[in-house]
Amino acid sequence: MREATATRTSAETDITVTVNLEGGAVDVDTGHGFFDHMLTAMGRHGRLGLHIRTTGDLHIDAHHTVEDTGIVIGQALLKALGDRKGIERTGHAYMPMDEALVRVAVDLSGRSFVVWTGEPKSVYTPVIDLTVLEGFIKAMADHLGANVHVDVLRGRDYHHVVEATFKALGRALRAASRPDGTQILASTKEVLD
């Protein structure tokens, strides 16, 4: 079974994440309702078993909680993938949500890189700034060893854009980690790094 747990404790956060790539319940508690909602959407749409417990310094702001949770999710996904033999390696998803449309593409290449283009058109005071959410994706990608491209193709409503992003991220991760029926590493170099 492709399941793994990762933990991280610092002066700012204490986090445990269990990921099951074969599916299962999604149970998220970071202490931040909006972030919980986004991670739950990612898990459900990615058909991931996802158990997250984060205690962070939310009395300061959401930055450490969000970014550090991304670190630990990336570590757990990396462990669950094992040697990455026999997986599709790449995946993408388009996610509409009312007026919003977001595309996410993922390559589980062993190298991290994040590109995020576009943002909501409306004026809105978000509960978590988009730069912090981009930091979540970068932290996850860095510790997973993945290329992640997020393209906000359209959207006015902040909540719709962000939720579509997390749903598309889950679906792209599911597609990239899906077994391909072989034990071959999807790399002409025969190594992922």
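The values are calculated or read from the model by the stated rules, or taken from the named source; none is laboratory data. What you see is a predicted model; the values in this text were computed from it and never measured. When we count neighbours, we look across all protein chains shown, and the Cβ atoms used for this are built from the backbone with ideal geometry, even at glycine.
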query: Do we find a residue being at pLDDT 95 or above, surrounded by fewer than 22 Cβ atoms within 10 Å (Cβ to Cβ) and in contact with a Leu (Cβ under 9 Å, 6 or more places away or on another chain) anywhere in the stretch 51-63?
result: no
Across (1) touching a Phe, Trp or Tyr at 6+ places or on another chain (Cβ under 9 Å); (2) within 23 Å of ILE15 (Cβ to Cβ); (3) of a type outside the set (Ser, Thr, Tyr), LEU108 clears everything bar (1)
Restricting attention to the stretch 86-102, the residues that are over 17 Å from LYS189 (Cβ atoms), part of a strand (DSSP E or B) and not small (Gly, Ala, Ser) number exactly 7
Among residues of the stretch 39-65 being in contact with a Ser or Thr (Cβ under 7 Å, 6 or more places away or on another chain) and of a type in the set (S, T, N, Q), the residue farthest from TYR94 (Cα to Cα) is THR55
Of the residues in the stretch 103-118 that are among the small types (Gly, Ala, Ser) and not in a strand (DSSP E or B), the one that is nearest to the chain's Cα centre (by Cα) is SER112
In the set PHE166, PHE113, the lone residue that is modelled with pLDDT of 95 or more, surrounded by 22 or more Cβ atoms within 10 Å (Cβ to Cβ) and aromatic (Phe, Trp, Tyr) is PHE166
Conditions (1) part of a loop (DSSP other than H, G, I, E, B); (2) within 24 Å of ILE15 (Cβ to Cβ) -> ASP193 fails only (2)
Residue hits (the stretch 116-129; among the aliphatic types (A, V, I, L, M) and either crowded, with 18+ Cβ neighbours inside 10 Å or under 30 Å from ILE87 (Cβ atoms) (or both)) are ILE128
Taking the stretch 136-157 and keeping residues under 18 Å from HIS63 (Cα atoms) and either buried (at least 21 other Cβ atoms within 10 Å of the Cβ) or in contact with a strand residue (DSSP E or B) (Cβ under 6 Å, 6 or more places away or on another chain) (or both) leaves PHE136, ILE137, LYS138, ALA139, MET140, ALA141
Do we have any residue at all in the stretch 109-119 that's touching a strand residue (DSSP E or B) at 6+ places or on another chain (Cβ under 7 Å) and on the phi > 0 side of the Ramachandran plot? yes
